[in-house]
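The values are calculated or read from the model by the stated rules, or taken from the named source; none is laboratory data. Just so it is clear, the structure is predicted and the values come from calculations on it, not from any experiment. Quick reminder, even Gly has a Cβ in these numbers, built from the backbone with ideal geometry, and neighbours come from all protein chains shown.
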Amino acid sequence: MDTNFVTGAILVASHHPIVKEDQAIALVKQGDIQAFTWLMSRYKHMVYTVVHRVLRNALDAEEATQDTFVKVFEKMVDYQGGSKFSTWLFSIAYRTAISHLRKRRPEATDLEDLSTRIPASEENDLAIATDRTKALTKALGELPVEDATVVSLYYLEELSVEEIVTITGIGASNVKVKLYRSRKRLLELLKDQLKDELWTLTLD
Amino acid sequence: MDVDPRLNEEGADRALRGLFQKAGHLSAPEGMEARVLNRLAVLPKAVRPASALLPKWAWYALLFALFIPLCVSMGTISDATEPQLSSILLDRMSASTLHSKWVFMGTLCLTALVTLHAAMLRGIRSGR
């Protein structure tokens, strides 16, 4: 696969006549690189956001996102459609990010140690982000890694508690506790940003 | 905690959901797809077959093909060589199996095929 081929695959994927995700998945199982590029374009921001919530660093997040997609391509034949594709993809992304985190902090022996606060990403990471995104990312940086991931999956990806359990491997009651705790903490941290939301809610 | 009193459980939930939705996803770096494709290009090919090389019916057919010479060989054993307790089927079968070249060769071929099949499948799965 040379550079021209890669560029070609991306160009073709942008005009690929795929209309359904199932169709793309079936094609990827047969090794169709254009269909895989189409899937990547569809999910790259979501995957990047999930791994960034765990790693809180742009460089590590990009590497983990790439690793996730490489694993997805290799393991696609194992995907039988038992769960939603996005749930399967996010579980790979989450495990990959946790594995990167373990490499970065080898002294941490269990997930509880990894769940402690890690400083939020560098300013450069958020240079082009909106004020709202910056404030949210900063507030999520104040939460433990697992809590920030759970709350992101719940509010941003709009996943159910059951789906979050499948992705993270955290028990359902634990997920609910994390959601409750994170909600309370975010309300304190995002008071100013939430005023706008409350104004919108009042109008509703 | 100085939080707006309108933020009860449901209100807080809706407000946070709204904020997350408006903030949206973080943007993945430009050109990431190309970098992933470049990495895939240098990976060793590990294409796994969607199904076994020989379908199940082929193995059943082989077993059936082996069963025919077994029956034939059983029928050709002379009564003189049979043990007195001819009602013991197991003895008849073992005697015929041991004496029949057909069965011996059939078993040998089947074993060779199974070994070949397993070796090819392992080779393909490991990307060789």
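The table that follows gives values for the structure above.
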item	result
Selection from region A:40-52 of residues that are more than 9 Å from chain B (Cβ to nearest Cβ) and surrounded by fewer than 24 Cβ atoms within 10 Å (Cβ to Cβ)	A:Arg42, A:Tyr43
Some residue of region B:57-65 being modelled with pLDDT of 60 or more and part of a loop (DSSP other than H, G, I, E, B)	no
Region A:115-161, residues that are small (Gly, Ala, Ser), at pLDDT 80 or above and under 18 Å from A:Arg181 (Cβ atoms)	A:Ala139, A:Gly141, A:Ala148, A:Ser152
Counted residues, region B:12-42 - those being within 7 Å of chain A (Cβ to nearest Cβ), over 16 Å from A:Leu187 (Cβ atoms) and aliphatic (A, V, I, L, M)	8
Qualifying positions in region A:30-64 - farther than 18 Å from A:Thr137 by Cα and among the β-branched types (Val, Ile, Thr)	A:Ile33, A:Thr37
Test result for A:Val28, more than 9 Å from chain B (Cβ to nearest Cβ), assigned to a helix (DSSP H, G or I), in contact (Cβ under 8 Å) with a residue 40 or more places away in the chain and over 23 Å from A:Leu153 (Cα atoms)	yes
In region A:53-86, residue nearest to the other protein chains (Cβ to nearest Cβ) [restricted to those that are crowded, with 19+ Cβ neighbours inside 10 Å and among the hydroxyl-bearing types (Ser, Thr, Tyr)]	A:Thr65
Scan of region A:156-169 for residues that are part of a helix (DSSP H, G or I) and within 12 Å of the chain's Cα centre (by Cα), ordered by number	A:Ile164, A:Ile167, A:Thr168
Condition met for A:Ile92 (more than 9 Å from chain B (Cβ to nearest Cβ) and either modelled with pLDDT of 80 or more or loosely packed, with under 14 Cβ neighbours inside 10 Å (or both))	yes
Single condition B:Ala28 does not satisfy, out of (1) modelled with pLDDT of 75 or more; (2) of a type in the set (A, V, I, L, M, F, W, C); (3) assigned to a helix (DSSP H, G or I)	(3)
